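Shown next, in structure tokens, is the structure this report addresses.
What follows is calculated from the coordinates using simple rules that are stated; it is not laboratory data. The structure displayed is predicted, hence computed values, not measured ones. Heads up, the Cβs are rebuilt from the backbone with ideal geometry, glycines too, and the neighbour counts pull from every protein chain shown.
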């Protein structure tokens, strides 16, 4: 069972560089999400997508962009990375059918360090 | 705005004791509540999902209850084992909203 695959697993990046975190799911879930997790702040939603072709802003969207060209892929782009974007990034997806409607599944995370 | 609180932030229990973890939320108009486990350096693993119409869910040694009117959920882990050491997070999805509000988690250490 693959579930959600994130890449890269970790990355060190110079400030000002552009970076795309990749996320692919094989569960055919409609909804996908990007969270960042920081010590003391917990998980915060960056962007989400309810279905292919649509996206929305979460709590902390500034400096990030997403696209949802198809059901499976939901990349997160940092146009010009800053040190405050140093974090662990998690991609997640949720289903919309059956007895466990709305159950959220997570990838293993991408650890990003911006210097 | 939905606020989700998990207290205490960290706790230790001896092996064999039952674990009781609490999650409280401010807005009772929820769609579902989900409990997760997170091991250090890893992603979140779904443990139990309780829909708003349900009072509890069980899986093996785990049992989660939901009381919407009081804004509380409790996760019980029976006969704790060292392998249960992890951070446990709860998350609440509002009605009509596809986004979850997360608590900051309970960091649990089970002492052999």
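Does residue A:68 satisfy the condition of being in contact with a strand residue (DSSP E or B) (Cβ under 7 Å, 6 or more places away or on another chain) and within 11 Å of chain B (Cβ to nearest Cβ)? In short, no. I'd like to know if the range A:14-21 contains one or more residues that are touching a helix residue (DSSP H, G or I) at 6+ places or on another chain (Cβ under 9 Å), touching a residue at least 12 places away in the same chain (Cβ under 8 Å) and crowded, with 17+ Cβ neighbours inside 10 Å. Yes.
Residues in the range B:102-112 that are facing another protein chain (nearest Cβ under 9 Å) and either in a strand (DSSP E or B) or at positive phi (or both): B:102, B:105. Of the residues making up the range A:36-52, at least one is over 17 Å from residue B:99 (Cα atoms), more than 10 Å from chain B (Cβ to nearest Cβ) and assigned to a strand (DSSP E or B). Just one of the listed residues (A:68, A:28) is farther than 25 Å from residue B:104 by Cα and in contact (Cβ under 8 Å) with a residue 40 or more places away in the chain, and it is A:28.
Quick check, is residue B:57 free of Cβ contacts under 8 Å to residues at least 12 places away in the same chain, crowded, with 17+ Cβ neighbours inside 10 Å and within 14 Å of another protein chain (Cβ to nearest Cβ)? Yes; evaluated as a whole, the condition is true for this residue. Residue B:93 satisfies every condition listed in (1) free of Cβ contacts under 8 Å to residues at least 40 places away in the same chain; (2) buried (at least 18 other Cβ atoms within 10 Å of the Cβ) except (1). For the range B:47-54, the criterion of being more than 20 Å from residue A:38 (Cα to Cα), in contact (Cβ under 8 Å) with a residue 60 or more places away in the chain and surrounded by 13 or more Cβ atoms within 10 Å (Cβ to Cβ) is met by none of the residues.
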